[in-house]
Amino acid sequence: MKIIGLASMAAALVLASGAQAQTSSFGDWATEHSGDVSIAGTENQDGSSFGIICDDAQCLMFIDLAGPNCTAGDEADMLLNADAGVFGASFTCNDTKDALIWTTRYDGPLTDIFTQGGTVSVANGLTDGSFYIVEFSLTGARQAVNHIAQ
């Protein structure tokens, strides 16, 4: 399992909370709990990361693309294709100080992505009319997401 991209995010969580992180692994996914923040995610072979990050108020789905960068505040509609179906979501680019990541609210139909395993492909439309496509394993995703929801 590769979680290098998640490591920088998790380190930021630990530093921000002042707490020691608790980690667990589920298939290709890993979780970290630090203070009031929890993260479940995976990294693909290209170094892009995908997962869920939650605090006491809400959960967000995140995508940290190794490819094209975004500018904080940018918005983009992305298409997510998984064994559980095809989903569209509007993502916003956020600056975490360590990386620029795309986030969207994790609720409604998006929660179905993790129910059946397999893989999820994410298509990000680029300004030249092409798509940047990344794929992530969902092996262990349901267990990891359930773990941080506890």
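The values are calculated or read from the model by the stated rules, or taken from the named source; none is laboratory data. In this text, all values refer to a predicted model and were calculated from it rather than measured experimentally. We place every Cβ from the backbone using ideal geometry, glycine too, and count neighbours over all the protein chains shown. All accessible areas refer to the heavy atoms of the entire protein, side chains included, with ligands and DNA or RNA removed. Shrake-Rupley method; radii C 1.70, N 1.55, O 1.52, S 1.80 Å.
Taking only the range 102-147 into account, find how many residues are of a type in the set (Val, Ile, Thr) and either within 15 Å of Gly85 (Cα to Cα) or touching a Gly at 6+ places or on another chain (Cβ under 9 Å) (or both). Even if it seems obvious, please write down each step before you answer.
Step one: list which residues in the range 102-147 are of a type in the set (Val, Ile, Thr), which gives 103-104, 111, 113, 115, 119-120, 122, 127, 133-134, 139, 145.
From what's left, either within 15 Å of Gly85 (Cα to Cα) or touching a Gly at 6+ places or on another chain (Cβ under 9 Å) (or both): 111, 113, 115, 119-120, 122, 134, 139, 145.
Total satisfying the criteria: 9.
What about Ala16, is it small (Gly, Ala, Ser), modelled with pLDDT under 95 and exposed (fewer than 15 other Cβ atoms within 10 Å of the Cβ)? Lay out the reasoning, then the answer.
Values: small (Gly, Ala, Ser): yes; modelled with pLDDT under 95: yes; exposed (fewer than 15 other Cβ atoms within 10 Å of the Cβ): yes.
Taking the combined requirement at face value, the residue satisfies it.
If you check every pair at least six apart or on different chains, which have Cβ atoms under 8 Å apart with a residue in the range 24-52 that is farther than 21 Å from Gly117 by Cβ and without any contact (Cβ under 8 Å) to a residue 24 or more places away in the chain first and a residue that is open to solvent by 20 Å² or more (accessible area, probe 1.4 Å) and polar (S, T, N, Q) second?
Gly35/Ser17; Asp36/Ser17
May I ask you to verify whether Ala123 is assigned to a strand (DSSP E or B), open to solvent by less than 40 Å² (accessible area, probe 1.4 Å), in contact with a helix residue (DSSP H, G or I) (Cβ under 8 Å, 6 or more places away or on another chain) and in contact (Cβ under 8 Å) with a residue 12 or more places away in the chain?
Working: assigned to a strand (DSSP E or B): yes; open to solvent by less than 40 Å² (accessible area, probe 1.4 Å): yes; in contact with a helix residue (DSSP H, G or I) (Cβ under 8 Å, 6 or more places away or on another chain): no; in contact (Cβ under 8 Å) with a residue 12 or more places away in the chain: yes.
So Ala123 does not fit the description; no.
Pick out the one residue from Ile148, Ile101 that is open to solvent by less than 80 Å² (accessible area, probe 1.4 Å), in contact (Cβ under 8 Å) with a residue 40 or more places away in the chain and in contact with a helix residue (DSSP H, G or I) (Cβ under 9 Å, 6 or more places away or on another chain). If you could, list the steps in order and put the result at the bottom.
Working: Ile148 fails: in contact with a helix residue (DSSP H, G or I) (Cβ under 9 Å, 6 or more places away or on another chain).
Among Ile148, Ile101, only Ile101 is open to solvent by less than 80 Å² (accessible area, probe 1.4 Å), in contact (Cβ under 8 Å) with a residue 40 or more places away in the chain and in contact with a helix residue (DSSP H, G or I) (Cβ under 9 Å, 6 or more places away or on another chain).
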